[in-house]
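One structure is given here, and the rest of the page talks about it.
The values are calculated or read from the model by the stated rules, or taken from the named source; none is laboratory data. It should be emphasised that the depicted structure is a prediction, and the values quoted were computed from it without experimental measurement. Note: ideal-geometry Cβ built from the backbone for every residue, glycine included; neighbour counts use all protein chains shown. For the accessible areas, the whole protein counts, side chains as well, though only heavy atoms, and no ligand, DNA or RNA atoms are used. Shrake-Rupley method; radii C 1.70, N 1.55, O 1.52, S 1.80 Å.
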Amino acid sequence: MVGRCEGPVRQRDPVRAERLLFAHTLARADAAHRAPLDFALLAGWQREVLGGAQAPFRAADAYAKAEGRPRALRPDLTDPG
């Protein structure tokens, strides 16, 4: 993770690299403290990555990578809020 952020990610977008590294640091600290892994914790890390105040639960299918591979929203997943 750190190697990718310090290499290709930082070359493309230094601000994003810093956000990713900070979120990684938070995740490692939460793991060290055995924080319960729940939506609120994940959303907190995602807010750091996005640099925003919100990281809402997605309400539709997502697409990954340049090929546009679909990641369907499963019916058993619901907004925890």
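Among the numbered conditions (1) at negative phi; (2) in a loop (DSSP other than H, G, I, E, B), the only one that Arg47 does not meet is (2). Total residues in the range 37-53 satisfying the condition of being touching a Leu at 6+ places or on another chain (Cβ under 7 Å) and of a type in the set (D, E, K, R): the figure is 1.
Tell me, yes or no, whether the range 50-57 has at least one residue that is open to solvent by 100 Å² or more (accessible area, probe 1.4 Å) and either assigned to a loop (DSSP other than H, G, I, E, B) or modelled with pLDDT under 80 (or both). If you could, list the steps in order and put the result at the bottom.
So in the range 50-57, the residues open to solvent by 100 Å² or more (accessible area, probe 1.4 Å) come out as 54, 56.
From what's left, either assigned to a loop (DSSP other than H, G, I, E, B) or modelled with pLDDT under 80 (or both): 54, 56.
Checked against the condition, which is being open to solvent by 100 Å² or more (accessible area, probe 1.4 Å) and either assigned to a loop (DSSP other than H, G, I, E, B) or modelled with pLDDT under 80 (or both), the range 50-57 yields at least one hit.
If a residue must be exposed (fewer than 15 other Cβ atoms within 10 Å of the Cβ) and in a helix (DSSP H, G or I), how many such residues does the range 1-21 contain? Before you say what the answer is, go through the steps one by one.
Taking the range 1-21 first, the residues exposed (fewer than 15 other Cβ atoms within 10 Å of the Cβ) are 1-4, 6-8, 11-15.
Add one more test, that the residue is in a helix (DSSP H, G or I), and what stays is 2-4, 6-8, 11-12, 14-15.
Going through the range 1-21 one residue at a time, the tally reaches 10.
Restricting the first member to the range 41-66 and to residues that are within 11 Å of Ala23 (Cβ to Cβ), and the second to residues that are of a type in the set (Lys, Arg) and surrounded by 10 or more Cβ atoms within 10 Å (Cβ to Cβ), the beta-carbon pairs closer than 9 Å and six or more apart or on different chains are Glu48/Arg19; Val49/Arg16; Val49/Arg19; Leu50/Arg19; Gly51/Arg16; Gly51/Arg19; Ala55/Arg47. Going through (1) touching a strand residue (DSSP E or B) at 6+ places or on another chain (Cβ under 6 Å); (2) at pLDDT 90 or above one by one, Thr25 falls short only on (1).
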